[in-house]
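Here is the structure we will look at, set down as structure tokens.
The values are calculated or read from the model by the stated rules, or taken from the named source; none is laboratory data. Just so you know, these numbers come straight off a predicted model, no measurement behind them. Glycine also receives a Cβ, built like all others from the backbone with ideal geometry; neighbour counts cover every protein chain displayed.
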Amino acid sequence: MSKTRRRPIEELDKRLSILRMEDKPEIIERLAEIKTYNEFKAWAVLKLAGLSYLPKQYLNIINKRLRQEYGKLTVVYIDLFAGSGLNKIKGYDKPFLGSPLLVIDRASRASYQFDKLFFVDKSREYIKALEERIKILSEYDEYSWIKGRCFTIPKDANEAAKEIASKLNKIKYKNCLIFIDPYKWQIKRDSLERLLEFHGDVLITLQALLIAKEIGKHNSSGLKEETVEKISEFFGMSESRWRKLSTEDSVKEEYIKIIKEHKPFVVDIKVKSGGLYRYYLIFASKRSNPPWKNWILRLKNLVESFSGDIAEHCIERMYGRASRLDDYFKKQEKKIKTKTKYTTLDNFLN
Ligand SMILES: C[S@@+](CC[C@H](N)C(=O)[O-])C[C@H]1O[C@@H](n2cnc3c(N)ncnc32)[C@H](O)[C@@H]1O
């Protein structure tokens with residue numbers, strides 16, 4: 001996080017320029033020559049903005065505190081729902097870095113880099129695009145450290161988690177930064193727990209609101225048998241137990257309870273997507289009182305001050321559709337005024 005205090009809109013704008021690789025346009029242009037992308041709405045960049053702060057902080061601390069203590073320590077990054085490496089926002093054609101390439105880029109700026117990086121996606125097409133993009137990056141000096149350190153796994157995340165765990169279990173001293181970014185409930189509880197056992201930190205996207213809504217639907221009209229089974233595996237509990245989790249808070253609290261069995265330090269970061277929609281980024285660490293506690297709490301405050309609307313405005317500015325960041329506040333004022341007008345009219349009609 002920056003030491004000079006920027007306003008949230010300026011800080012997010014800066015993060016988006018990192019995701020756009022604005023300081024290296026020739027590299028992102030080459031990466032974009034491969035025409036396979038993940039496509040999202042603007043609010044999806046918020047989790048990547050949050051993730052972008054972690055690698056450098058994590059690696060610097062590991063290097064300072066643990067590497068000297070343990071000597072030969074293997075430092076690992078695991079991205080269980082990695083995607084293709086580049087994302088496009090619906091309605092815009094310029095690509096943004098996806099989680100794997102973002103983490104590589106940020107790690108390049110740390111005092112020490114990852115020894116091994118595992119990238120998993122069940123889509124062969126995404127993994128192929130990611131492999132090609134990793135190869136392109138590795139040709140540049142600042143990223144050449146990734147040569148021979150990246151392992152791509154085109155499989156279901158749950159199978160891959162087993163495979164990665166059995167590889168890592170052979171290494172005595174290791175520490176992992178793990179990013180788990182499913183659409184909804186694609187990670188089973190036993191796979192999650194397998195990874196939570198490793199020393200290190202984890203960041204998880206939790207779609208608590210979406211999941212609670214689906215549970216509500218199940219309670220009123222029933223879901224498909226296949227979906228019921230997936231939700232049972234996600235929570236690692238019977239249908240009769242998860243049926244009670246029909247609010248966003250209850251889903252989040254239950255999930256945090258599961259995580260806390262393995263990692264006692266948990267911080268939940270609420271990401272406001274725009275409108276009424278939101279999701280959580282859950283950060284967890286093995287140490288109950290980690291030395292980076294204040295840092296992560298500051299990160300929580302910062303990311304919670306972002307929103308999907310602000311992200312959309314920053315992206316519009318990048319495209320020249322809005323000229324200044326401050327136009328965002330004018331737009332908001334206008335919105336509020338229009339709303340007030342309608343409310344008054346409603347009151348009058350009633
Ligand atoms: C939300 S996207 C992740 C994007 C990436 N983390 C990023 O932020 O750039 C989810 C990804 O998970 C993949 N996926 C969906 N179900 C999966 C599963 N069961 N196992 C592994 N990957 C899966 C999809 O193909 C998609 O690329």
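Assorted remarks:
- A single member of TYR143, TYR173 is away from the ligand (no atom under 16 Å from the Cβ) and either of a type in the set (D, E, K, R) or closer than 30 Å to ILE34 by Cα (or both), and it is TYR143.
- Of all residues in the range 76-95, those that are under 25 Å from LEU206 (Cα atoms), more than 8 Å from the ligand (Cβ to nearest atom) and touching a residue at least 60 places away in the same chain (Cβ under 8 Å) total 5.
- Elements of type helices (runs of 4 or more DSSP H) contained in the range 118-205, each with 3 or more residues being without any contact (Cβ under 8 Å) to a residue 40 or more places away in the chain: 124-138, 157-168
- Taken residue by residue, the range 298-309 has at least one member that is aromatic (Phe, Trp, Tyr) and modelled with pLDDT of 80 or more.
- For the range 30-55, the set of residues classified as outside any helix (DSSP H, G or I) and more than 13 Å from the ligand (Cβ to nearest atom) consists of ALA32, GLU33, ILE34, LYS35, TYR53, listed by residue number.
- For first residues located in the range 289-301 and in a loop (DSSP other than H, G, I, E, B), partners that are not basic (Lys, Arg) and lie 6+ apart or on another chain with Cβ distances below 8 Å form the pairs ASN289/PHE265; PRO290/PHE265; PRO290/ILE296; PRO291/ILE61; TRP292/GLN57; TRP292/ILE61; TRP292/SER285.
- Test: SER250 is more than 16 Å from the ligand (Cβ to nearest atom), assigned to a helix (DSSP H, G or I) and under 23 Å from ASP121 (Cβ atoms): no
- Scanning the range 69-115 for residues that are part of a helix (DSSP H, G or I) and either basic (Lys, Arg) or at pLDDT 95 or above (or both) yields SER99, PRO100, LEU101, LEU102, VAL103, ILE104, ASP105, ARG106, ALA107.
- The residues in the range 161-211 that are more than 21 Å from SER238 (Cβ to Cβ), within 13 Å of the chain's Cα centre (by Cα) and aliphatic (A, V, I, L, M) can be counted, and the count is 6.
- Failed item, numbered, when LEU59 is tested on (1) surrounded by fewer than 21 Cβ atoms within 10 Å (Cβ to Cβ); (2) over 28 Å from GLY274 (Cα atoms): (1)
- Criterion: assigned by TED's automatic domain parsing to the domain that holds ILE62, more than 16 Å from the ligand (Cβ to nearest atom), of a type in the set (Val, Ile, Thr) and outside any loop (DSSP other than H, G, I, E, B) - qualifying residue of ILE258, ILE269, ILE282: ILE258
- Criterion violated by ALA49 - all others in (1) in contact with a strand residue (DSSP E or B) (Cβ under 8 Å, 6 or more places away or on another chain); (2) over 26 Å from GLU159 (Cβ atoms) satisfied: (1)
- As for the range 233-244, it holds no residue that is in a helix (DSSP H, G or I), among the acidic types (Asp, Glu), touching a residue at least 60 places away in the same chain (Cβ under 8 Å) and more than 30 Å from TYR173 (Cβ to Cβ).
- Just one of the listed residues (LEU86, LEU12) is over 21 Å from VAL303 (Cα atoms) and either buried (at least 16 other Cβ atoms within 10 Å of the Cβ) or within 21 Å of the chain's Cα centre (by Cα) (or both), namely LEU86.
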